[in-house]
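No lab work stands behind these numbers, since they all come straight from the coordinates. No experiment lies behind these values; they were computed from the predicted model shown. In this analysis, Cβ positions are derived from the backbone assuming ideal geometry, glycine residues included, and neighbour counts consider all displayed protein chains.
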Amino acid sequence: MSHHPSHANPLGRRHAFALVGTLGALALSSCGGGSSSTAATSSVATLAGLSLSAGSLSPAFASGTTVYAASVGNAVSSLTVSPTATDSGATVQVNGSTVASGSASAAISLGVGTNTVTVVVTASDGSTTKTYTVVVTRAAATLSSDATLSALTLSAGSLSPAFAATTSSYTATVANSVSSLTVSATLAGSGSLKINGSTVSSGAASGSIALSVGSNTVTVVVTAADGVSTQTYTVTVTRSAAGSCTLTATETDGPYPLYAILTNSAIVRSDIRESKTGIPLTLTLTVLSTGSSCAPISGAGIYIWHCDKDGLYSGYSTSNNAGQSGLTYLRGIQVTDSNGQVTFTTIYPGWYAGRITHIHVQVYLNDNLAVSATATTQLAFPQAITTAVYNSALYTKGQNTSVTSFSADNVFSDGTSTEMLTLSGDLSTGYSANMTISIA
């Protein structure tokens, strides 16, 4: 009898087919479902942080707020922006340039005024975006409020006191022959200026300013760059009357003229103080000729000397003036200019027993110091100002108790009308003194 194995277990064959089908289905399910292996994408296009290298965001940063403002000073000409994306898969652009999340952008130039910075976030899905805007305002440059001058000069005459930016009032004296002058003013800042109402460039000469006999006021108005701050400088120019000068009185040259000093070239100087302290005094002298219709005398040597605040003279050692031999303080020579003027920088003199306050002056025509002086005189000071000076802390010697009036002084007892100085100023800034010396 033959054996047929195919008929022996029909149920087993069915189970085998079923297993094969199940495995095939498993194989298909594991290979055919491609969508389950694709990386996940996001539609989140927001920022988690936003900061500037200069200035502060207003309002404070919040992810859902997209519009901001910031202000910076004029000195800030550029800044950077640092954006941080909420989703790490998002991309960020600042003003069109890609910036890594959390990193600073390239420097962004800022003009004066408003500057718009845009930050665009693109989600990882490639289509969702959100734009953040920052309007940065850069301040304008601060305009200067400096309304001062750095220089002020006249084409004729000399300023008294010497120019200083903080001094706003001056005087000057010119001869009768000077019928006009120009004024040159130089700005300390970058503003503008007007001289007697007319605009003039800094450093340039004004138009010709006519001078009447007597007092003439010249105003220089400075306006700062800010257009608000102003300062006015005033120069009172006195033009002498024709033929009206009076011969200046002649006085003694004693007691300490020190003529040996006239050969010392170092004494030709305008600042004669050396180491001496005291209330500052700027002395301007104008020398006129009575025989030439009061015309100014140019080229004349003017020698002045006076005591220090304690009453001592340089160059002499005596019982009343001990220890001053060989010294040269408070002595000087200047040569008159075309307006007959010289200016000395010195101190307010003190006093010594027997004399009231004074300055000695000699005039040498043609600057010829080898001959006798053409004129010798002394200058007197207004008594009220002298009293105020001697009350100040610098003048420890105090008031002159030996000579208390001009009538009691052995030089000025016959009058001071041709020898009295005209003074302006105060104790804190010093005084300016002016006088015309008229010689035959």
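Summary table below
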item: For Thr46, residues with placed amide H under 5 Å, excluding near neighbours; result: Thr86, Asp87
item: Long-range HN-HN contacts of Ala188 with modeled amide H, under 5 Å; result: Thr148, Leu149, Ser150
item: In order through the range 203-219: 3J(HN,Hα) via Karplus (6.51 cos²θ - 1.76 cosθ + 1.60), integer Hz, x for Gly, Pro; result: x, 8, 7, 6, x, 5, 10, 5, 10, 8, 5, x, 8, 10, 9, 10, 10
item: For the range 93-107, 3J(HN,Hα) per residue [Karplus equation, 6.51 cos²θ - 1.76 cosθ + 1.60, θ = phi - 60°, Hz, x = Gly/Pro]; result: 10, 10, 6, x, 10, 5, 10, 5, 4, x, 9, 7, 6, 5, 4
item: Spatially proximal lysines relative to Lys276 (Cα-Cα < 21 Å; intrachain offsets below 8 disregarded); result: Lys309, Lys397
item: Among beta bridges that DSSP assigns inside the chain, antiparallel share in %, nearest 5; result: 75
item: Cα-centred dipole magnitude for the range 259-439, charges only on beta-carbon of K, R (+1) and D, E (-1), debye, nearest 20; result: 260
item: Convex hull volume of the range 47-138 per residue (C-alpha atoms, cubic angstrom); result: 77
item: Value of D in µm² per second that Stokes-Einstein yields for the range 115-229, Kirkwood Rh from Cα pairs, at 37 °C (0.692 mPa s); result: 183
item: Radius, Kirkwood style, for the range 294-343 when every pair of distinct Cα atoms is counted (Å); result: 12.5
item: Normalised contact order of the chain, rounded percent, pairs of Cα under 8 Å and 6 or more residues apart; result: 11
item: Signed unit charges on C-beta, dipole axis of the chain, positive-most listed residue Ser372, Pro257, Thr167; result: Thr167
item: Listed peptides 208-220, 427-439, 114-126 by packing density, highest first (mean Cβ within 10 Å); result: 427-439, 114-126, 208-220
item: The range 134-142 - phi-based ³J(HN,Hα) in whole Hz, Karplus 6.51/-1.76/1.60, Gly and Pro as x; result: 10, 9, 9, 9, 9, 5, 6, 4, 6
item: For Leu281, distant residues with modelled amide H under 5 Å away; result: Thr346, Ile347, Tyr348, Tyr431
item: The range 259-439 - convex hull of alpha carbons, volume per residue in Å³; result: 122
item: Net lengthening on full extension, Thr234/Ser180 (0.36 nm per residue, minus Cα-Cα); result: 17.8 nm
item: At 1.306 mPa s and 10 °C, Stokes diffusion of the chain via Kirkwood alpha-carbon radius, µm² per second; result: 54
